[in-house]
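Encoded as structure tokens, the structure appears first; notes follow it.
Bear in mind that the values in this text are calculations on the coordinates, not laboratory data. No experiment lies behind these values; they were computed from the predicted model shown. Neighbour counts are summed over all protein chains in view; Cβ atoms, including those assigned to glycine, are modelled from backbone coordinates with ideal geometry.
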């Protein structure tokens, strides 16, 4: 009976059912071993081709290891809170956070109202650190989605307030007059990272917020 040829041996190896635990490098190695096992003794494999195949195997192994590492990084980044190492990588990036705190430093303070539906009656009351109202903003009807607004830092009398932290209290009604829950967002550069016993705090737009308050990070 004739011995199987190299090509048929390789084809048979490739046609074997794939085990779920069998990686690309294992398949390549299995084909290479089969090729060497069934080679014609009178016509051995060209050493140059063998070297090329071994180099290809090394490349496949490196690519597989790289893919495994990337999968681990993605899994760790999505399932675990930021560690001191990767938290510092947020510095300088633009972040969107959920916060109703407005830090006034002498210039207008931008913020975003994220509405689940259109609103006909929106009122934004700015209060100081003691809870005393200083300004009421009524932007008029707003559409569903993100609406960019700015508090100019003035009180109801048109006088600039003292620099510091203020809070925005938002009230709104939909087209049928029913109260709405509105998310207030702010965007800013990640200026610093503060490491605490519980989790890192990110300083964004003058606010120190936990990682859970960050909704988006941009370059």
Q) Hey, what did the stretch 87-218 get for relative contact order, percent, Cα under 8 Å, at least 6 apart? A) 37 percent
Q: Output the Cα-based Rg and Dmax of the stretch 87-218 in Å, rounding Rg to one decimal and Dmax to a whole number.
A: 15.5, 47
**Q.** Spin-label model distance (nm) - residue 203 vs residue 146, 7 Å beyond Cα toward Cβ
**A.** 2.4 nm
Q: Using per-residue counts of other Cβ atoms within 10 Å, averaged over each peptide, order 142-148, 206-212 from highest down.
A: 206-212, 142-148
Q | Cα→Cβ-extended label distance, 7 Å offset, between residue 33 and residue 216, nm | A | 5.2 nm
